[in-house]
1. Which one is surrounded by the fewest Cβ atoms within 10 Å (Cβ to Cβ) among residues in the range 129-168 that are touching a residue at least 24 places away in the same chain (Cβ under 8 Å) and polar (S, T, N, Q)?
2. Residue by residue through the range 55-87, note down the ones that are closer than 18 Å to Ala182 by Cβ and in contact (Cβ under 8 Å) with a residue 12 or more places away in the chain.
3. Considering every residue within the range 59-70, establish whether at least one is part of a helix (DSSP H, G or I) and at pLDDT 90 or above.
4. Since Ser107 meets every condition but one in (1) under 11 Å from Val193 (Cα atoms); (2) touching a residue at least 60 places away in the same chain (Cβ under 8 Å), which condition does it not meet?
5. Between Asp62, Asp82, which is out of contact with any Leu (no Cβ under 7 Å at 6 or more places or on another chain), of a type in the set (D, E, K, R) and more than 30 Å from Lys162 (Cβ to Cβ)?
Amino acid sequence: MTENILAMNKFKILSIIAVVTVVSVLLTACGKDKRSTGWEYAPNMYEHIAYDPDQPNTNFKDGKTAQLPPAGTIPIGFVRFDYPNTKEGYERASVEVVNKYIATKQSLADGKILFEHFCSPCHGIQGQGDGLVVQHGFPAPPSYSKGNSSRGGAMKDLTDGKIYHTITYGLNAMGSYASQLAPDERWKVVLYVHQLQKL
């Protein structure tokens, strides 16, 4: 009989614990705010305290978060090309700008791949101005080995600076390739164009 009383007491205690647990869960889960996710653990992990660039910010006089960089600063990795998109800038680049790359087997191979991807649709694989775009009725660019530049002089005599300036800013129907080709890629294309000038 004593064993039955102990078993009944254990059952009552377990039942009370279960009821209290269920009631606690129901009371804490059924709050007034239906959108509440409950307690938060480390909210700074997903609720950032930094300002977004387009948010107002009282820390600055003009009230903007996105601030202009100080005058004369250059972003890391940016290479300046201080020659304007003018005839004078083109001529000055011709005299002052020299390719920093040497024509090695690898740099020429890289230049060839870049030329074929970006330049050959107009200039043709051999640089003769007979690319696919020309075959569809667009004006042909001059041949690198036989043609004349619209700025004067033979295409075979174009210098590093003139070619780089043209790739950077474009000329006539050719648009700028500054956004498609990084400065080092442009220099490799210049090396390859010099090879095409010899054909």
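1. Ranking the qualifying residues of the range 129-168, first place goes to Ser145.
2. Val79, Phe81, Tyr83
3. Looking for residues that are part of a helix (DSSP H, G or I) and at pLDDT 90 or above, one finds none in the range 59-70, hence no.
4. In the conditions (1) under 11 Å from Val193 (Cα atoms); (2) touching a residue at least 60 places away in the same chain (Cβ under 8 Å), Ser107 misses (1) alone.
5. Matching residue, one of Asp62, Asp82: Asp62.
Yes or no, residue by residue, for (1) under 27 Å from the mean Cα position of the chain (by Cα); (2) loosely packed, with under 10 Cβ neighbours inside 10 Å; (3) among the hydrophobic types (A, V, I, L, M, F, W, C):
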residue: Phe60; (1), (2), (3): no, no, yes
residue: Lys64; (1), (2), (3): yes, no, no
residue: Pro70; (1), (2), (3): yes, yes, no
residue: Ile74; (1), (2), (3): yes, yes, yes
residue: Arg80; (1), (2), (3): yes, yes, no
residue: Glu91; (1), (2), (3): no, no, no
residue: Tyr101; (1), (2), (3): yes, no, no
residue: Thr104; (1), (2), (3): no, no, no
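The values are calculated or read from the model by the stated rules, or taken from the named source; none is laboratory data. Model, not experiment: these values are computed from the prediction. No Cβ is skipped: glycine too gets one built from the backbone with ideal geometry, and neighbour counts run over all protein chains shown.
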